[in-house]
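Worksheet: the structure to be examined is printed underneath.
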Amino acid sequence: ELDMDSDLYKNSFERIRELISYLDACLDEMPGVLRYGPPAGKKTGITLFNIEGLPAEEVTATLNNQYGIAVRGGYHCAGLAHKSIGTWEQGGVRVSVGPFNTKAQMQKLTDAVWQISSRQTRQNRLL
């Protein structure tokens, strides 16, 4: 049985909230990156985002293959949710943060997203 009042649970919950807050703040500042959902204080350790002009699956594959970062792309068995938030056409990139993740990992992810987004922004300017 999980004791929701235990220090371990409280510390894990606060750690996840701290990491997801940091990640969301970084993503929200990036041009061309669209983050969906409520602020960190009103959700669990999950963030959904897209990079304008790129399919979610392409961003997911790039993060995995070029940066070694595991995220999920697509509809996440929640097609109707994607319809309601406007991501029906492209899905989204989902990041799940847990108590064993680190701020350094969040920074690595945000650096990678920034690099991918910057390349896409440069390509869009050339078109």
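Some values worked out for this structure:
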read-out: Residue-count net charge about Lys42 - beta-carbon cut-off 14 Å; Lys, Arg +1, Asp, Glu -1; value: +2
read-out: Theoretical FRET efficiency, 1/(1+(r/R0)^6), r = Cβ-Cβ of Phe13 and Asn64, R0 35 Å, to 0.05; value: 0.80
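No lab work stands behind these numbers, since they all come straight from the coordinates. Worth saying up front: this structure is predicted, and the values here are computed from it rather than measured. All Cβ positions, glycine included, derive from the backbone under ideal geometry; neighbour counts span all protein chains shown.
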